[in-house]
Every structure is written in structure tokens, then in C-alpha cells.
1. Can you give me the angle between helix 91-101 and the longest principal axis of the chain, using Cα atoms only, in degrees from 0 to 90, rounded to the nearest 10?
2. Restricting things to alpha carbons, find the Rg to Rh ratio for the range 148-301 using the Kirkwood radius for Rh.
3. Do the sum for the chain: with -39,500 (n - 2.57) for every DSSP H run of n ≥ 4, divided by all residues, what is the mean residue ellipticity at 222 nm, to the nearest 500 deg cm²/dmol?
4. Tell me the relative contact order for the range 208-346 as a rounded percent, counting alpha carbon contacts under 8 Å between residues six or more apart.
5. So between Leu175 and Asp63, what do we pick up on full extension, going 0.36 nm a residue minus the alpha carbon distance?
6. Residue separation times 0.36 nm, minus the C-alpha to C-alpha distance between Phe71 and Val308: what's the value?
7. What does the charge count around Asp20 come to, taking other residues whose C-beta lies under 9 Å from its C-beta (Lys +1, Arg +1, Asp -1, Glu -1)?
8. Set the Förster radius R0 to 51 Å, insert the Cβ-Cβ distance between Tyr375 and Asp33 as r into 1/(1 + (r/R0)^6), and round the FRET efficiency to 0.05.
Amino acid sequence: MPPDNDQHQWHIETSPAGADSLEVSFTGRWCLDQDLPSAEILKSDLRGSLKRLTFKTDLSDWDTGFLAFLFNLIRLCSERGIKAEQDGLPTGVRHLLAMANAGPEQKIARSRRDQGSLLMRTGAAAIRFFHGAPEMLHYLGEITFSLGRLLSGRAQFRWSDLWWEIEEVGPRALLIVSVISFLVGLILAYLGADQLRLVGAQIFIADLVAIGMVREIGALMTGIIIAGRTGSAFAAQLGTMQVNEEIDALRTLGISPVDFLVLPRMLALMLMVPLLTLYSGFVGMLAGLLISTSIFDIGLFEYYNETVRALELKHFMVGLAKGSVYGALVAYAGCLRGLQCGRSAEAVGEAATSAVVTSILLITISASILTIIFYQLGI
């Protein structure tokens, strides 16, 4: 250790302060430009019988190098069950150490082996779901009241936000909806033709593709596409605002986050997903037309006439109704997970993932329920 009389160098001494106590004295200059020691230098002094560590300082200068040394020394004491009393440290040092220890604990990802069996993980997921159900219902009630305030003209709502969201979720989603719908229509035509040609009824490919795309598959595929593209974006946007405390700032100003942030997004999806559903059905029918006329020798006008004969107004209404429901569910799940987001970058990623999973789950459940209801009503 450097000599005690050189105040331009760091110096450290240890001396007993009792039967089970040790005093550590710091003098000189403890800065990063010095060749500072590691806290391991005192490891041998932290014997098993030691219960208390005190500090004494007479420093000419210090910076974060001194803080790092103390932080590691206090950690060593904690590992050995030794109480480190910080009363002898400068006030600024104590405050900075308190801030360092007050940081949120980082959750380290554990391996799947450490998370228990599949049954335990399934049970834990079910418990989390039922614990979160009241919060989901409360959030649904807030949205309902927000819609009521909008209808009465009292919502804290900007129409410019709605038009911007409509552009984001509608026209900019046309390309991916076109590609997926065309491929799904192509697959549906091939699957139908494979069975219908056994009885020489390839002409009914038009019925299968038209009704399937307009009534069911178009809305379902559009909902899933929007869940992955837009629902996750909503969760990431609101989650980032949560991290940056922007949502807290809105509440401080007396502005409802549901009115200002959730309502434009939900209305945009409820308006645009039905239109995207119709567009998806049209693209799917074009794919069926292409396959039927080029592969299975069905005439263009024959396919067109069979499509017109098969489609009824109720099929379009069912598709539009399902599209509206799916759009509302995607917006509900995306905004809910965004508002529930924690205050870290990891939490934003988890919110986006959870929004997609929740949206697809809600879409699947609602698709089953709506199909049963429409069937029972004869629609």
C-alpha cells in the first residue's frame, strides 16, 4: 500500500474496533486515474467471527472509483453476514451508494428446467389469467364509458389521431393482407378441387372459395394479420409511453389515457378491419379464379356466374360483423397490454408478445362463438 504521508496516493488501513468489529480507514486520493485496488484486498480480513464493519475517511479527493470499491466491499460483507455501517463515509458517498442499491432487481431468465414441470407451468399460467380477469373487466368498463363520453361529445379525443391511426392500420396493411389472402385463396381452391373432382363437380370450387373467404377465412386471416402487425405495435407504443412516464403525465394533466390513446386506436381498427376483410375475400376469390381457369379448365364466365349465384348479402354481413369484432378485440388486447407494461425495455417486449398471443386467443374464441350463434340464427 502507498505510504500514509503521500496524500496524492490512496491509502487503506484496517484496525480492530472491538471483539467482533473491524474499522477500515481511507486516506489520500481515491480516483479512477490512480491504480486503485480491488475490494478483494480486504477479503482475508473479513474473517468468520467478524460481525460489524465501520469506516473512517480522511480523503483529499474521490470519484466513482472509490464508490466502486465500497460497493464491492459492502457486497462481500453482505455475502458473509457482516453488517457494514456507513456512518463514517462522506454524505455524498452514502447518498450515491443508497441510489445504487435502490435500483430495481433485474429478473434473470431461468432455464426451462428451473421453472418446474409442464403441469406446474400450466397451473401458474391459469392462476395468472384468473388473477388478471378483474383488471381486464375493469379495463373493458373504462372503454365502454369512454365510448359513451364520445357519443355525448365529452371525450378527450382528437379526430386527427383517428385519421392518422386509420391510415396506419388500413392502407399500409394492404400489401401483407393481399399476399396472405391470395395464398390462402389459392390453397383453398386446390383443397376443394382435390375432393370435388372425384364427383366431377369442380365448378363448385367457386362456391367454396367465395363463401369461405367472404364469410369466415377472410375475416379470420385479416384479424390474425392485424394482431401480429398492429396489435403488437399498439402494445409497444403504449408500453414505451409507460416507460417514459408519458401516460402518468396525461393523468397528471387530467386527461384520460383511455380517451386520448385507446379510443382512436380501437375506432380505427373497428372501421378498417371490416373493409380489409372484404378486400381479403375479393383477393381470395381472384386466386380461386386463377387456379380454376388455368388448372381445372373452368370457364371465366362460368366461374363468375357460379360465384354470383353462391354469394348472398348475409355472407357479406357476417364477414363484416366478424371483422368489426376482431378489430375491436385486437385493439382491446394491444392497448391493455401496453397500459399494463412495466417500466423497462424487457417489459415492452413482453407486452408486445403478450398482446399478439392474447389477440389471437380472443379471435379464436370469438370466431367459434359467432359461428355457433350465426348457425343457430340461420344466417
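Values in this text are rule-based calculations from the coordinates and carry no lab data. Keep in mind it's a predicted model, so treat the numbers as computed, not measured. As a convention, Cβ positions derive from the backbone with ideal geometry for all residues, glycine included, and neighbour counts pool all protein chains shown.
1. Helix 91-101 sits at roughly 40 degrees to that axis.
2. 1.18
3. Calculated mean residue ellipticity at 222 nm is -21000 deg cm²/dmol.
4. Worked out over the range 208-346, it gives 53 percent.
5. In short, 34.7 nm is gained.
6. Additional length available on full extension: 77.6 nm.
7. Its environment carries a net charge of +2.
8. Efficiency, from the Cβ-Cβ distance: 0.05.
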